[in-house]
Every structure is written in C-alpha cells, then in structure tokens.
Amino acid sequence: MPGATIDLVREFGMQRARDIVNEKRADPKTIHMMDGTGCVLFRGSTNTDGYGQVWRKPNSRLHEEGRSAQAAVLLHRLAYVAQTGRNVQGHASHLCGRRSCFADGHIVDEDAVANNARKNCPGDIVCAWHHHVLVDQCKHSPKCIRPEREDVSCCLALKESDPNWESQEPPSGGPDPAEAESEPMDDVVSTAEESTVEDTGLREAGRRKGGSRPVILESSDD
Ligand SMILES: [Zn+2]
Ligand SMILES: [Zn+2]
Ligand SMILES: [Zn+2]
C-alpha cells in the first residue's frame, strides 16, 4: 500500500487534507449516499484494494515540477487526518465497510483484529419508523454503520401506520395534504392497496427527513 507509508500529517497537514477532502466531496462524481449511513463514496481513481486515491504533491516536494513529484494518497486516510489532525497508527478501519467511503466519522484507527471483526457484522437492527435500536447485534465499539432497513419496525409503528388506530396522528405534525387528496380515487380495490403501500413509503421518507432524528444522532456519537 504505497499511500499508507506517507506521513500525511507532515506531508499535507490538517488544513491541506481538509481542502483536498472537501474538494473531492464537492466533485460531481462523488456519491452522497441517502441510505441513512451518511456515506460519501469516491468514484474516481482507486488503488488495487479499492480505496479511493488522489495524486498530490507532498509538502516536501512542492517546489518540484511535474507529475513525478506527486504521490498517491489514500483518500480515507486523508479524511481521517482532515478530521482528527492525526495519522492513523493501526488500520484505517471503515465503520461502514465501504472502502471508497471518506465520510467524516466513518474511519477509525484500530488494530487488525478489531477491523476484521467488523466484517459481516449486520449492524444493529433499528426501527425504520423511529430509528431506535430493536436488536443489539453489533458488539463493536464504536458501532458499525449499516444502511437503514425499510422492513423492520416496532409494534408501536404498526399501530401508528394502521388507519383504524385511534390516535394515528403522525408524530412529526398534521396529516399530509397529498395523502388526503389521493383517498377519493380509492374505488378500485387493487389500486387502493397499491396506493396505501406507496403512501406509507412516502410518509416514512418524509418523516425521516423531518423530526424523528434524535435517536440516530445519539447512536452515531459513539
Ligand atoms: Zn461510510
Ligand atoms: Zn459491528
Ligand atoms: Zn419504533
């Protein structure tokens, strides 16, 4: 791993690291995942292991001309420096398991055993409705980051999503006007069922953008 041997703190420093990382995060080829993980995936050059890399002149070679003065820098390691000001001493371990990710807080410095133990970890099973942990499946510290599942929710969510339940008012506010509009069209049974499923999806998506975030923030602080 050629990039791993560079002393990134000395050869780039926190400020240059930040500048490069921010520049690449703003690159249109970079993917900002919308799956609840907050992952930021680099879609540019990768090394043979699949880690994103950029080519830049280290501080000690800034005065030199031409491309030969540039070094391959692994973007996730640079992101760690940009956030912490420190070099990774052990493994630059991805909490999210995505090698091309260089999101803040997704890379931790830990030993090989801890890094390898994260492989195949399903992550905690979290209620898709309220984002609280239902089954504590991840024993790692800090917790692994995994995509939110759409198909799991607590029994309270079942009640809330049931239109016949008495106090069905959504926690994030009043009823959606679009939802009310779609109801008169429900005269065909199959269409009505389909639109109910779609509505539920829309409501969940809307709620996720809106108020019910505090639980997920709490767990990602670990
Ligand atoms: Zn990530
Ligand atoms: Zn885990
Ligand atoms: Zn719940």
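The values are calculated or read from the model by the stated rules, or taken from the named source; none is laboratory data. These numbers come from a predicted model, not from an experiment. With ideal geometry, Cβ positions are generated from the backbone for all residues, glycine too; neighbour counts draw on all protein chains shown.
Only strands (runs of 3 or more DSSP E) whose full extent lies in the stretch 64-166 are considered here, and the ones with at least 1 residues that are within 15 Å of ligand 2 (Cβ to nearest atom) are 91-94, 107-110, 133-135. Residues in the stretch 123-139 that are in contact with a strand residue (DSSP E or B) (Cβ under 9 Å, 6 or more places away or on another chain) and more than 10 Å from ligand 3 (Cβ to nearest atom): D124, I125, V135, D136, Q137.
This table checks each residue for (1) in the same structural domain as A103 (by TED's automatic domain parsing); (2) more than 14 Å from ligand 1 (Cβ to nearest atom); (3) in contact with a Ser or Thr (Cβ under 6 Å, 6 or more places away or on another chain).
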{"residue": "H32", "(1), (2), (3)": "yes, no, no"}
{"residue": "D35", "(1), (2), (3)": "yes, no, no"}
{"residue": "G38", "(1), (2), (3)": "yes, no, no"}
{"residue": "L41", "(1), (2), (3)": "yes, no, yes"}
{"residue": "N47", "(1), (2), (3)": "yes, yes, no"}
{"residue": "W55", "(1), (2), (3)": "yes, yes, no"}
{"residue": "Q70", "(1), (2), (3)": "yes, yes, no"}
{"residue": "L75", "(1), (2), (3)": "yes, no, no"}
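Being modelled with pLDDT under 90 and more than 8 Å from ligand 3 (Cβ to nearest atom) is the filter here; which residues of the stretch 140-154 pass it? Selection gives E148, R149, E150, D151, V152. Taken residue by residue, the stretch 109-119 has at least one member that is touching a Phe, Trp or Tyr at 6+ places or on another chain (Cβ under 9 Å), under 17 Å from P142 (Cα atoms) and surrounded by fewer than 20 Cβ atoms within 10 Å (Cβ to Cβ).
Pull up the stretch 44-55, narrow it to residues that are surrounded by 19 or more Cβ atoms within 10 Å (Cβ to Cβ) and not in a loop (DSSP other than H, G, I, E, B), then point me to the one that is farthest from the chain's Cα centre (by Cα). Per the stated criteria, the residue is V54.
If I filter the stretch 147-155 for residues that are away from ligand 1 (no atom under 16 Å from the Cβ), charged (D, E, K, R) and within 15 Å of the chain's Cα centre (by Cα), do I get at least one hit? Yes - at least one qualifying residue is present in the stretch 147-155. Just to be sure before I move on: is H94 within 16 Å of ligand 1 (Cβ to nearest atom), surrounded by 19 or more Cβ atoms within 10 Å (Cβ to Cβ) and closer than 21 Å to G38 by Cα in the structure I sent? So H94 passes the test. The set of residues in the stretch 26-43 that are crowded, with 17+ Cβ neighbours inside 10 Å and outside any strand (DSSP E or B) comprises T30, G36, T37, G38, C39, F42.
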